[in-house]
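Quick note: the coordinates plus some simple rules give every number you see, no bench work behind them. All figures in this text were calculated on a predicted structure; none of them were measured in a lab. So basically every Cβ, Gly included, is an ideal-geometry build from the backbone, and we count neighbours across all protein chains shown.
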Amino acid sequence: MKYLSLSCLLGLLCALCFACGDNTDWVSKGPTNEVYSEDLLLLGKEVYSDTCSTCHGADGSGSFGPALLGKGHKYTYQNHRTLIERGRRSMPGFGASLTDREIEAVLAHIRVGFFSD
Ligand code: HEC
């Protein structure tokens, strides 16, 4: 019984964390250890500065949009991709304006590329 209520409390705390955003220090987690080709990272850097930097800052530290730096661990690859393709709230989706390769490239850039140069 005691254990049961403790786990309920923990569950509730987790639910609250999800509801009001998170305070996780993603930056300290560093880049993901995914490996991308040099070509893809270069393209990603270009796509990022053309398409994303106005809202997320040239170095990923954020401006109108949140900082992206070091947040490769925040989303699975697929969820990260879906977010960029469809957008979310005040972020527009880019599924229609970027090619598949450009999306893969910009994903690579934000998942590890901020750290690779
Ligand atoms: C018009 C401004 C704007 C542009 C351009 C933009 N974003 Fe965003 N982005 C936002 C905003 C605002 C949010 C926060 C969305 C929310 O509140 O749900 C966001 C959120 C995100 C997130 C989630 C961040 C987190 O911590 O959860 C990612 C990843 C992201 N954007 C990537 C990109 C990429 C990659 C591009 C370029 C292809 C891009 N964004 C272009 C405004 C923008």
* Residue by residue, what Karplus-based ³J(HN,Hα) values in Hz, rounded to whole numbers, does the stretch 56-69 have, using 6.51, -1.76 and 1.60 with θ = phi - 60° and x for Gly and Pro? -> 10, x, 4, 9, x, 8, x, 8, 5, x, x, 5, 10, 3
* To do: For D59 and N23, compute 0.36 nm times the residue count separating them, minus their Cα-Cα distance, and round to one decimal in nm.
  => 10.9 nm
* Given R₀ = 22 Å, FRET efficiency for T99-D39 by Cβ-Cβ distance, to 0.05? -> 0.95
* Structure fact -> Under the rule rounded for a/c under 1.5, else prolate if a/b exceeds b/c, else oblate, using alpha carbon gyration tensor axes a ≥ b ≥ c, the stretch 30-115 is classed as rounded
